[in-house]
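Quick one: the structure is below, and I'll ask about it shortly.
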């Protein structure tokens, strides 16, 4: 069991090991759905929910089924199936009980099962040997970190619509990467001044 | 198949038009995360090529049996199986590269290139061309990882080291002062952003000349 405090795990997940700008997990959505703040926040809400649920379920799956039966080699397959099933379940529930939320999340929900951030979070939980509380905290922190980065990126892209940008950079993926470069520098270094 | 495709053009398409990084813009996570050196890039690409070819073959063989409604779960399980093989083989035979790549090896499962090719190509085409497509796109991925890895390693450490042999060494040759940032995460974003801008620039120039 890793003996990192809850606060350290939380700060790690949100800032120091931010999934999008430091660990490069879930980049497809980072450049794909950050054209405006509304879709970025919808996607982030769905990701927080699915990562937390996955961290919760995968901990029990790994500790009480895969480990006792010595099936560690099935970890990848088991986790991807759990995530896909979970996303499907979340989709059903949200569609049945929260139609407005379902309409706003719409196409983003099914996309989450192939988002590296979710699988990355549960695999990192196993690799870091986190216990139950730490696993769930890391899941929430990863989701929050994802949200912070997505919202900053979407806001910058939305606000900078009137700026002059060279044609070769454009408004698409290349532009997003230049913004990500600056964000990545600040996330990786600025928060090192906070002693954990 | 009585159309005018040939093996060479199908293979080259994976490197030029359907290039994973600049053509399809897929699989960006591993492209940026593991390219701190050429060696890591080659290790990652080798794993991805194996998974890509294997899953393309298997999906193509089963393409007439797979019901449309459950095709994505089936593709995911096929891919996850091949990824588990790569994971175990690399852990056993190349422990140094395995340690450097860490969590990104099991994450080949969610690499959009693999599922993208299974979905867009292997489900609709014969076994042989699916194999060629897997090899072509895989080679394109390998070249991109080597290019980005090479730039970052050269600027970040001042030399290129491949499987224990020092190929280039600017530090002792030219007194070059390495930029440490290039091997960290901002360096990855900088490299890919500049490369993409160059590709776009060439595209614009080409379009202007054509018009």
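For residues that are surrounded by fewer than 18 Cβ atoms within 10 Å (Cβ to Cβ) and under 13 Å from the mean Cα position of the chain (by Cα), tally how many sit in the stretch A:149-162.
The number of residues fulfilling the criteria is 1.
With the requirement that a residue be over 30 Å from residue B:200 (Cβ atoms) and surrounded by 15 or more Cβ atoms within 10 Å (Cβ to Cβ), what does the stretch A:116-127 give you? If you could, list the steps in order and put the result at the bottom.
Let us first name the residues in the stretch A:116-127 that are over 30 Å from residue B:200 (Cβ atoms), namely A:118-119, A:121-127.
Matches in the stretch A:116-127: A:118, A:119, A:121, A:122, A:123, A:124, A:125, A:126.
While we're here: If you scan the stretch B:66-86, which residues turn out to be part of a helix (DSSP H, G or I), without any contact (Cβ under 8 Å) to a residue 12 or more places away in the chain and out of contact with any helix residue (DSSP H, G or I) (no Cβ under 7 Å at 6 or more places or on another chain)?
B:68, B:69, B:70
Looking at residue B:63 and the list (1) over 25 Å from residue A:22 (Cα atoms); (2) touching a helix residue (DSSP H, G or I) at 6+ places or on another chain (Cβ under 8 Å); (3) in a helix (DSSP H, G or I), which single condition is not satisfied?
Against the list (1) over 25 Å from residue A:22 (Cα atoms); (2) touching a helix residue (DSSP H, G or I) at 6+ places or on another chain (Cβ under 8 Å); (3) in a helix (DSSP H, G or I), residue B:63 comes up short only on (3).
Can you tell me which residues in the stretch A:81-121 are in contact (Cβ under 8 Å) with a residue 24 or more places away in the chain and more than 25 Å from residue A:39 (Cα to Cα)?
Scanning the stretch A:81-121 gives a single hit, A:82.
Quick one: in the stretch B:139-176, which of the residues that are under 27 Å from residue B:18 (Cβ atoms) and in contact with a strand residue (DSSP E or B) (Cβ under 7 Å, 6 or more places away or on another chain) is surrounded by the fewest Cβ atoms within 10 Å (Cβ to Cβ)?
Here is the first cut: in the stretch B:139-176, the ones under 27 Å from residue B:18 (Cβ atoms) are B:139-153.
Retained after the next criterion (residues that are in contact with a strand residue (DSSP E or B) (Cβ under 7 Å, 6 or more places away or on another chain)): B:150, B:153.
Numbers: B:150: 19, B:153: 25.
Only one residue tops the list, namely B:150.
Mind checking whether some residue in the stretch A:128-140 is surrounded by fewer than 17 Cβ atoms within 10 Å (Cβ to Cβ), in contact (Cβ under 8 Å) with a residue 12 or more places away in the chain and within 14 Å of chain B (Cβ to nearest Cβ)?
Yes: the stretch A:128-140 contains one or more residues that are surrounded by fewer than 17 Cβ atoms within 10 Å (Cβ to Cβ), in contact (Cβ under 8 Å) with a residue 12 or more places away in the chain and within 14 Å of chain B (Cβ to nearest Cβ).
Further, regarding this structure: Please state which of the following conditions residue A:174 fails to meet, knowing it meets all the rest: (1) at the interface with chain B (Cβ under 8 Å from one of its Cβ atoms); (2) in a helix (DSSP H, G or I); (3) loosely packed, with under 14 Cβ neighbours inside 10 Å.
(3)
Kindly establish whether residue A:124 is modelled with pLDDT of 80 or more, within 11 Å of chain B (Cβ to nearest Cβ), assigned to a helix (DSSP H, G or I) and under 18 Å from the mean Cα position of the chain (by Cα).
Yes.
Another question, if that's okay. Assuming residue B:100 fulfils every condition listed in (1) in a helix (DSSP H, G or I); (2) buried (at least 19 other Cβ atoms within 10 Å of the Cβ); (3) modelled with pLDDT under 85 apart from one, which condition is it?
Condition not satisfied by residue B:100: (2).
Yes/no per residue for (1) modelled with pLDDT of 80 or more; (2) within 18 Å of the chain's Cα centre (by Cα); (3) in a helix (DSSP H, G or I):
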residue	(1), (2), (3)
A:54	yes, yes, yes
A:57	yes, yes, yes
A:61	yes, no, yes
A:86	yes, yes, yes
A:100	no, no, yes
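Sticking with this structure for a sec: Yes or no: residue B:206 over 15 Å from residue B:32 (Cα atoms) and not in a helix (DSSP H, G or I)? So that I can check it myself, show each step before the final result.
Values: over 15 Å from residue B:32 (Cα atoms): yes; not in a helix (DSSP H, G or I): no.
Answer is no for this residue.
In the stretch A:23-36, is there at least one residue being under 13 Å from the mean Cα position of the chain (by Cα), more than 13 Å from chain B (Cβ to nearest Cβ) and outside any loop (DSSP other than H, G, I, E, B)?
The answer is no; no qualifying residue exists.
Starting from residues that are loosely packed, with under 13 Cβ neighbours inside 10 Å and within 27 Å of residue B:126 (Cβ to Cβ), keep the ones in the stretch B:57-97 and report whichever is farthest from the other protein chains (Cβ to nearest Cβ).
Per the criteria, the residue is B:64.
Can you confirm whether the stretch B:20-38 contains a residue that is over 24 Å from residue A:180 (Cα atoms) and out of contact with any strand residue (DSSP E or B) (no Cβ under 8 Å at 6 or more places or on another chain)? Break it down stepwise before answering.
In the first step, residues of the stretch B:20-38 are kept if they are over 24 Å from residue A:180 (Cα atoms); the result is none.
Taking every residue of the stretch B:20-38 in turn, none turns out to be over 24 Å from residue A:180 (Cα atoms) and out of contact with any strand residue (DSSP E or B) (no Cβ under 8 Å at 6 or more places or on another chain).
Does any residue of the stretch A:73-82 turn out to be more than 21 Å from residue B:104 (Cβ to Cβ) and surrounded by fewer than 19 Cβ atoms within 10 Å (Cβ to Cβ)?
no
What's the total number of residues in the stretch B:11-45 that are part of a loop (DSSP other than H, G, I, E, B), under 19 Å from residue B:130 (Cα atoms) and away from every other protein chain (no Cβ under 14 Å)?
Qualifying residue count, the stretch B:11-45: 3.
Can you confirm whether the stretch B:135-147 contains a residue that is within 14 Å of chain A (Cβ to nearest Cβ) and assigned to a helix (DSSP H, G or I)?
Yes, the stretch B:135-147 contains a residue that is within 14 Å of chain A (Cβ to nearest Cβ) and assigned to a helix (DSSP H, G or I).
The values are calculated or read from the model by the stated rules, or taken from the named source; none is laboratory data. Since we're looking at a predicted model, the values are computed, not measured. Positions of Cβ are generated from backbone atoms using ideal geometry, with glycine treated the same way; all protein chains shown enter the neighbour counts.
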